[in-house]
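Report on the following structure.
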Amino acid sequence: MVKAEDNKGTAEGNGNGVIVVKNLTKRFGNNIVLDNITLSIEKGKTTVVIGPSGCGKTVLIKNFIVLLRPNSGEIYFKDKRIDNLPDRELNKVRTHYGFLFQGGALFDSFNVAENIMFPITQHSRITDWRQAEDIVNAKLAMVGLDGFQNYYPAKLSGGQRKRVALARAIALNPEVILYDEPTTGLDPIRADIINELILKLQRELGVTTVVVTHDMTSAYKIADRIIMLHNGKIIADGDAEHIRNHPHPQVQQFINGQASEDDLAVLRASSDIAKAQFLPRDFEE
Amino acid sequence: MLETLGAKTIEDLADMGRFGRFAWRSIVASGWSIARVTTYPLIWAQMNIIGVHSVPVVMITGAFVGMILAVMAYDQLAGMGLEEHLGVLINVSVVKELGPVLTAVMLAGRVGGALTAELGTMNVTEQIDAVRSMGTDPVRYLAVPRLLACLLLTPILIIYADLLGVLGGYFIGVIQFGINNQAYWKFSAYGVDLWDVAVGVIKGFFFGTAIAIISCYKGFTCKEGAEGVGQACTEAFVASFISILALDFGLAVIFKAIYNTFWPLKSLVG
Ligand SMILES: Nc1ncnc2c1ncn2[C@@H]1O[C@H](COP(=O)(O)OP(=O)(O)OP(=O)(O)O)[C@@H](O)[C@H]1O
Ligand SMILES: [Mg+2]
């Protein structure tokens, strides 16, 4: 891809970037969710994306795998432009990725084992059932759910579902894993185990990792680099230390979990109304 | 006003275009699937889900159609002293028109509704995106087995409906109204030939394909939430129903042309 290297987005072509995004804009109707974003995800590193709810984190990583197509801009996977590929070609590219959906997206007509088996039967050359089953069991053990093979998703708790989905995302040992809020809904101990799992995959297998999260503890623990999105733009980008000391007030508020005076003003103004609405309920007549 | 109307027309046309593309892709992918034995278990699973439980309803539908026709037509024919011809009337109608159409409508409700609801729910819970994210084509994995199952099963179910329709007519005509048994069957055999049965069964392939493609498309493009799924199911049924009638009309015209071309030949040989 000679042409990609001429592009001004990144000075040294796509360099070390496994996923490179250039001038990406994504909007839904008039709602501009991502506004001209340029970004390079480095090979073998863990990049954490933070930002307030609804700022477009999920939309961003869905663009990485072209589950959503950008309105303008380019997306490269290993120097190959992918945002304009037809579905058939995209499917080949996608087998290099693991994607953990925010809501899990488990197949509810399959049990846990079958869910994790799905990518294996679809893409690996493993034909020996026993061997495939061993992989499933190993992945389930990694997320602490060995023994749940025959459960259906409906019978699992939210956190368990998330972990099964995680096991499914890593079933094929992908080179790139995109996690959408892997620790949301988990207890702190389990969250820490998942953090360790993410780190282990990255360190031992050199997996390029992108994690979307609100959980700053997790972000500080796993990140080589933290990116903060706000109003469709990247407002901070650097290692944990850089983010901690970032001067931007929005960044400080986010990492310290403090609402701004503006945000609170709305609540204060409405508190009188809220009191007024504490009315007798129907059954009290 | 004009603007919204224009925008709606454009949106409708775009939707038609998307549907056309989807239909084309599913049909091409079906051809691809048939050539690969590894996809057969998926098709088989769908055939079980779609087919087995449809048999009783389809049989009941067929039986009632036959019986209703008998009750309705008997008096008129008897008035002209032609009641022995009742069998021809019932059996031709059942085998050529009512059996296939009513079976298809039944399936559009029963199978099409379930398909749209299932795929629609998968869509809103991101399961279809999940299939995609793992590098599998959801059309190939989800739509094609359903399409092939419907395509293969609708004609078979039509045969069931036909059989029960004929029996229902026989039950009312001969057993209830006491038409002479031998005469009933003699006229029936004379009036209904293989062609009539074949027409009905061939219609089934078209109806099944239409139901499956429409229902899958509506599921795949279903809007968010429980309401979205409900709406998709309604739209899928209405669209399937209209398509069945339109196809029935189109096929009737085509089959008539074919029959007229070959009939002279047949009579020469026969
Ligand atoms: N399919 C869609 N159609 C229309 N709008 C969408 C769609 N997906 C996302 N959006 C919009 O894009 C914006 C960003 O959504 P996104 O899901 O990326 O947020 P997020 O940063 O992941 O939030 P959270 O942390 O709550 O998951 C929202 O305003 C949402 O309304
Ligand atoms: Mg999100």
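Go through segment A:11-63 residue by residue and tally those that are in a loop (DSSP other than H, G, I, E, B) and more than 16 Å from ligand 2 (Cβ to nearest atom). If you could, list the steps in order and put the result at the bottom.
Taking segment A:11-63 as the starting set, the residues that turn out to be in a loop (DSSP other than H, G, I, E, B) are A:11-16, A:29-30, A:43-45, A:51-56.
In the following step, the residues that additionally are more than 16 Å from ligand 2 (Cβ to nearest atom) were identified as A:11-16, A:29-30, A:43-45.
Of the residues in segment A:11-63, 11 are in a loop (DSSP other than H, G, I, E, B) and more than 16 Å from ligand 2 (Cβ to nearest atom).
In segment A:110-127, how many are surrounded by fewer than 24 Cβ atoms within 10 Å (Cβ to Cβ), within 22 Å of B:Ile49 (Cβ to Cβ) and more than 8 Å from every other protein chain (Cβ to nearest Cβ)?
The qualifying residues number 6.
So is A:Glu74 over 22 Å from A:Thr208 (Cβ atoms) and more than 8 Å from every other protein chain (Cβ to nearest Cβ) or not?
Working: over 22 Å from A:Thr208 (Cβ atoms): no; more than 8 Å from every other protein chain (Cβ to nearest Cβ): yes.
When the stated conditions are applied, A:Glu74 does not pass them.
Go through segment A:213-227 and count every residue that is surrounded by 23 or more Cβ atoms within 10 Å (Cβ to Cβ) and within 11 Å of ligand 1 (Cβ to nearest atom).
Final tally of qualifying residues: 1.
For segment A:48-59, what are the residues that are more than 7 Å from ligand 1 (Cβ to nearest atom) and under 14 Å from A:Ile37 (Cα atoms)?
A:Val49
Test A:Lys22 against the stated conditions and say whether it is open to solvent by less than 10 Å² (accessible area, probe 1.4 Å) and more than 10 Å from ligand 1 (Cβ to nearest atom). I'd like the intermediate steps shown before the answer.
On the way: open to solvent by less than 10 Å² (accessible area, probe 1.4 Å): yes; more than 10 Å from ligand 1 (Cβ to nearest atom): yes.
Yes.
In segment A:76-101, how many are among the hydrophobic types (A, V, I, L, M, F, W, C) and surrounded by 23 or more Cβ atoms within 10 Å (Cβ to Cβ)?
So the first thing to find is which residues in segment A:76-101 are among the hydrophobic types (A, V, I, L, M, F, W, C), and the list is A:77, A:82, A:85, A:90, A:93, A:99-101.
Applying the additional criterion that residues be surrounded by 23 or more Cβ atoms within 10 Å (Cβ to Cβ) yields A:77, A:99-101.
Matching residues across segment A:76-101 total 4.
Please determine whether any residue of segment A:194-211 is within 16 Å of ligand 1 (Cβ to nearest atom) and within 14 Å of another protein chain (Cβ to nearest Cβ). Spell out how you get there, then give the answer.
Our first condition is that a residue be within 16 Å of ligand 1 (Cβ to nearest atom); within segment A:194-211, this holds for A:210-211.
Still in the list and also within 14 Å of another protein chain (Cβ to nearest Cβ): A:210.
So far as segment A:194-211 goes, yes, one or more of its residues are within 16 Å of ligand 1 (Cβ to nearest atom) and within 14 Å of another protein chain (Cβ to nearest Cβ).
Any residue that is over 26 Å from B:Pro155 (Cα atoms) and among the hydrophobic types (A, V, I, L, M, F, W, C) - is there at least one of those in segment B:15-26? Step through it out loud before you land on a result.
Here is the first cut: in segment B:15-26, the ones over 26 Å from B:Pro155 (Cα atoms) are B:15-18.
Still in the running and among the hydrophobic types (A, V, I, L, M, F, W, C): B:16.
Among the residues of segment B:15-26, at least one is over 26 Å from B:Pro155 (Cα atoms) and among the hydrophobic types (A, V, I, L, M, F, W, C), which makes the answer yes.
Would you confirm whether or not segment B:91-110 contains a residue that is more than 19 Å from B:Ser243 (Cβ to Cβ) and of a type in the set (Asp, Glu)?
no
The values are calculated or read from the model by the stated rules, or taken from the named source; none is laboratory data. Computed from a predicted structure; not experimentally measured. A quick note on method: Cβ atoms are made from the backbone with ideal geometry, for glycine too, and the neighbour counts reach across all protein chains shown. With ligands, DNA and RNA removed, areas are computed over all heavy atoms of the protein, side chains included. Shrake-Rupley method; radii C 1.70, N 1.55, O 1.52, S 1.80 Å.
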